[in-house]
Amino acid sequence: MFENNLKYCREELEMTQTEVGYILGVSKGTVANWENGYGIIPLKKLIKFSNYSNYSLDYICAFTRINYAYPKINKINNKDIGYNLKLLRKSLGLNQQKFAEKCHIPQSTYSHYEIGYKLITTLNLYSICKTYNVSMDALCGRNINVKEVQHK
């Protein structure tokens, strides 16, 4: 299950679902679905909301109860995220097959993420972070070390 604090963050910002939808280019109903767990916010939109609101990805996705201030992600780079995934996988001493299996991701799909061929989905990134107890912000390239950042 994909947990999130999107509603809490929106309410803390004193924004309506319509206002968040306008910023992210989606309808109020789509925002409501994301808040209620009926849909999963795409990674590009999650990062856009994170940049706008100054909430970390880890905080929005309920990995941590503390919101750390990180630099904004100006451009999502598939290859950088893939490189960070590879660093994490190698630091764990796993091959792609074992790494992907633990997260219930097909190895071929994971391979596309790791080489930067495709942008990882929010759900698969969430699964990796949850399985390996690592920061979503770190994997997305915020200026923190992937190997050092684990959730407490």
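The values are calculated or read from the model by the stated rules, or taken from the named source; none is laboratory data. Quick caveat: nothing in here was measured; it's all calculated off a predicted structure. Here Cβ is always computed from backbone atoms with ideal geometry, including for glycine, and neighbour counts include all displayed protein chains.
Let me spell it out: the conditions are (1) in contact (Cβ under 8 Å) with a residue 24 or more places away in the chain; (2) part of a loop (DSSP other than H, G, I, E, B); (3) of a type in the set (V, I, T), and I105 meets all of them except one. Which number is the exception?
(1)
Among the residues of segment 84-93, is there at least one that is in the same structural domain as Y132 (by TED's automatic domain parsing) and not in a helix (DSSP H, G or I)? It would help to see each step written out before you state the result.
Taking segment 84-93 as the starting set, the residues that turn out to be in the same structural domain as Y132 (by TED's automatic domain parsing) are 84-93.
Now restrict to residues that are not in a helix (DSSP H, G or I): 92-93.
Yes, the conditions are met somewhere in segment 84-93.
Which numbered condition in (1) surrounded by 13 or more Cβ atoms within 10 Å (Cβ to Cβ); (2) more than 22 Å from L123 (Cβ to Cβ) is the only one that N33 fails?
The failed condition is (2).
Scanning for something under 13 Å from L43 (Cβ atoms), polar (S, T, N, Q) and either crowded, with 20+ Cβ neighbours inside 10 Å or modelled with pLDDT of 95 or more (or both), does segment 80-91 turn up at least one residue?
Looking through segment 80-91, none of the residues is under 13 Å from L43 (Cβ atoms), polar (S, T, N, Q) and either crowded, with 20+ Cβ neighbours inside 10 Å or modelled with pLDDT of 95 or more (or both).
Restricting the first residue to segment 115-143 and requiring it to be in the same structural domain as K48 (by TED's automatic domain parsing), which pairs with a second residue that is of a type in the set (S, T, Y) and crowded, with 23+ Cβ neighbours inside 10 Å meet a Cβ separation below 7 Å and a spacing of at least six or different chains?
Qualifying pairs under 7 Å: none.
Any idea which of (1) closer than 15 Å to R142 by Cα; (2) at pLDDT 95 or above is the one Y70 doesn't satisfy?
With respect to (1) closer than 15 Å to R142 by Cα; (2) at pLDDT 95 or above, Y70 is out only on (2).
Checking S56 against (1) within 15 Å of the chain's Cα centre (by Cα); (2) assigned by TED's automatic domain parsing to the domain that holds Q17; (3) more than 19 Å from E19 (Cβ to Cβ); (4) surrounded by fewer than 17 Cβ atoms within 10 Å (Cβ to Cβ): exactly one of these is not met. Which one?
So the condition that S56 fails would be (4).
Can you report the number of residues in segment 16-65 which are aromatic (F, W, Y), in contact (Cβ under 8 Å) with a residue 40 or more places away in the chain and not in a helix (DSSP H, G or I)? So that I can check it myself, show each step before the final result.
Applying the first criterion (aromatic (F, W, Y)) to segment 16-65 yields 22, 34, 38, 49, 52, 55, 59, 63.
When the remaining residues are screened for being in contact (Cβ under 8 Å) with a residue 40 or more places away in the chain, the result is 49, 55, 59, 63.
From what is left, the residues that are not in a helix (DSSP H, G or I) are 55, 63.
Adding up the residues that qualify gives 2.
For every residue, the table says whether it meets (1) modelled with pLDDT under 95; (2) surrounded by 20 or more Cβ atoms within 10 Å (Cβ to Cβ).
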residue: E114; (1), (2): no, yes
residue: L119; (1), (2): no, no
residue: S127; (1), (2): no, no
residue: S135; (1), (2): yes, yes
residue: K147; (1), (2): yes, no
